[in-house]
Amino acid sequence: MKNKIYVCVLLLFIIASGYLLSFLCFSEVVILDNPVITFKHDYGYEYLDSTQATLYDKLSKRDMELNEIYLLDQEYDYDYIQKVLELYRTNNWDLCNDYCYGAIQEPTEMWNYGPLPVSKIKDVRVLYPIENYEEKVKQREELANEVLSKIPENTSDIEKIRYIHDYLIDHITYDGNVLTGTSSSFTSLLEGRALCEGYAGAFEYLAKKLGFDAIKISGKVGINKEDHAWNMVKINDNWYHIDCTWDDDPSNRYTYFLLFDEELNFLRYNEIREYSQDIPVPKAESSLWNK
């Protein structure tokens, strides 16, 4: 009889343990139900905390409907949320600048037109203008696939970057009539004309399609300290500067190709802005690249 009791107690213990284990596992699943997802090739994501990253993930998944208002879990300081919005806009510059002007909007005023008259934000509105956008995305994708498919197999990373660099120089013409703010990878690739920001947008887009970490950065250059945009790309864990705009010249085709910071300082680049709000531009310290 005692043996039966022991067996019953043991069975009950096992069953209870199973339920407890299931509860613990379920609790863990619930906690991780909306995990922070690192989107590859989105530079600056690592500078966000978990709350900011959750909002960034929501924006990056593009699962918000046009004009949908995304409610935050509480009110936040404007600068705290602005850091996310600015980084998203920087990393999605083509979408926001060319076809999504003022892409992310606080309900009372455009977020990228200076300080808002409020110090707290409790919701975010996303605007994705769709006029001709999907067709242009499709055209750009088809062109990019055709261009990149011509890269031979077993091509080294440096040669892949050189291929993109050369393609852009050979197929884009610098056009001062292109309006600032409309020069993007769309205008440069589909129309063959661009300002510096268009060259940079096209390089970033093509490099990312090949799996590289690439970003568009900006700063002041030249004697007159004019605004300028170029790129940085990561090869073998090292960042390099690359400027397709200034290399679009037969006399200096590779002068601005894969430079490290010290080299850049000698070539008329006299100011580099931070990448986004409180997010620095990566350091390019390797001099291993030999032209």
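The values are calculated or read from the model by the stated rules, or taken from the named source; none is laboratory data. If you're wondering where the values come from, they're calculated on a predicted model, not measured in any experiment. Positions of Cβ are generated from backbone atoms using ideal geometry, with glycine treated the same way; all protein chains shown enter the neighbour counts. Surface areas here come from the heavy atoms of the whole protein model, side chains and all, with no ligands, DNA or RNA. Shrake-Rupley method; radii C 1.70, N 1.55, O 1.52, S 1.80 Å.
Is one or more of the residues making up region 177-184 part of a helix (DSSP H, G or I), open to solvent by less than 50 Å² (accessible area, probe 1.4 Å), touching a Leu at 6+ places or on another chain (Cβ under 9 Å) and more than 20 Å from Asn145 (Cβ to Cβ)? Among the residues of region 177-184, not one is part of a helix (DSSP H, G or I), open to solvent by less than 50 Å² (accessible area, probe 1.4 Å), touching a Leu at 6+ places or on another chain (Cβ under 9 Å) and more than 20 Å from Asn145 (Cβ to Cβ), which makes the answer no.
The residues in region 234-246 that are on the phi > 0 side of the Ramachandran plot and crowded, with 20+ Cβ neighbours inside 10 Å can be counted, and the count is 0. Has region 268-282 got any residue that is within 24 Å of Thr155 (Cα to Cα) and either β-branched (Val, Ile, Thr) or touching a helix residue (DSSP H, G or I) at 6+ places or on another chain (Cβ under 7 Å) (or both)? Taking every residue of region 268-282 in turn, none turns out to be within 24 Å of Thr155 (Cα to Cα) and either β-branched (Val, Ile, Thr) or touching a helix residue (DSSP H, G or I) at 6+ places or on another chain (Cβ under 7 Å) (or both).
Checked against the criterion of being hydroxyl-bearing (Ser, Thr, Tyr), open to solvent by 60 Å² or more (accessible area, probe 1.4 Å), at pLDDT 95 or above and assigned to a helix (DSSP H, G or I), region 166-174 contains not a single residue that satisfies it. Within region 249-261, the set of residues being open to solvent by 30 Å² or more (accessible area, probe 1.4 Å) and within 25 Å of the chain's Cα centre (by Cα) comprises Phe260, Asp261. Kindly indicate whether any position in region 251-265 is out of contact with any Asp or Glu (no Cβ under 8 Å at 6 or more places or on another chain), free of Cβ contacts under 8 Å to residues at least 60 places away in the same chain and part of a loop (DSSP other than H, G, I, E, B). No, region 251-265 contains no residue that is out of contact with any Asp or Glu (no Cβ under 8 Å at 6 or more places or on another chain), free of Cβ contacts under 8 Å to residues at least 60 places away in the same chain and part of a loop (DSSP other than H, G, I, E, B). Which residues, counting only those in region 198-222, are outside any strand (DSSP E or B), hydroxyl-bearing (Ser, Thr, Tyr) and open to solvent by 10 Å² or more (accessible area, probe 1.4 Å)? The answer is Tyr205, and nothing else. Taking region 118-142 as the range and being hydrophobic (A, V, I, L, M, F, W, C) and either at pLDDT 95 or above or surrounded by fewer than 12 Cβ atoms within 10 Å (Cβ to Cβ) (or both) as the test, only Ile130 passes. Taking the conditions exactly as written (under 21 Å from Lys136 (Cβ atoms) and either touching a helix residue (DSSP H, G or I) at 6+ places or on another chain (Cβ under 6 Å) or not aliphatic (A, V, I, L, M) (or both)), does Ser156 satisfy them or not? The answer is no for Ser156.
Checked against (1) modelled with pLDDT under 95; (2) surrounded by 13 or more Cβ atoms within 10 Å (Cβ to Cβ); (3) not hydrophobic (A, V, I, L, M, F, W, C), Asn231 passes all but a single condition, namely (1). Of all residues in region 220-244, those that are without any contact (Cβ under 8 Å) to a residue 60 or more places away in the chain and over 17 Å from Gly198 (Cα atoms) have Cβ atoms under 7 Å from Cβ atoms of residues that are small (Gly, Ala, Ser) and crowded, with 20+ Cβ neighbours inside 10 Å, 6 or more apart or on another chain, in Trp239/Ala284; Tyr240/Ala284.
Considering every residue within region 54-72, establish whether at least one is open to solvent by 90 Å² or more (accessible area, probe 1.4 Å), modelled with pLDDT of 60 or more and not polar (S, T, N, Q).
Yes, region 54-72 contains at least one residue that is open to solvent by 90 Å² or more (accessible area, probe 1.4 Å), modelled with pLDDT of 60 or more and not polar (S, T, N, Q).
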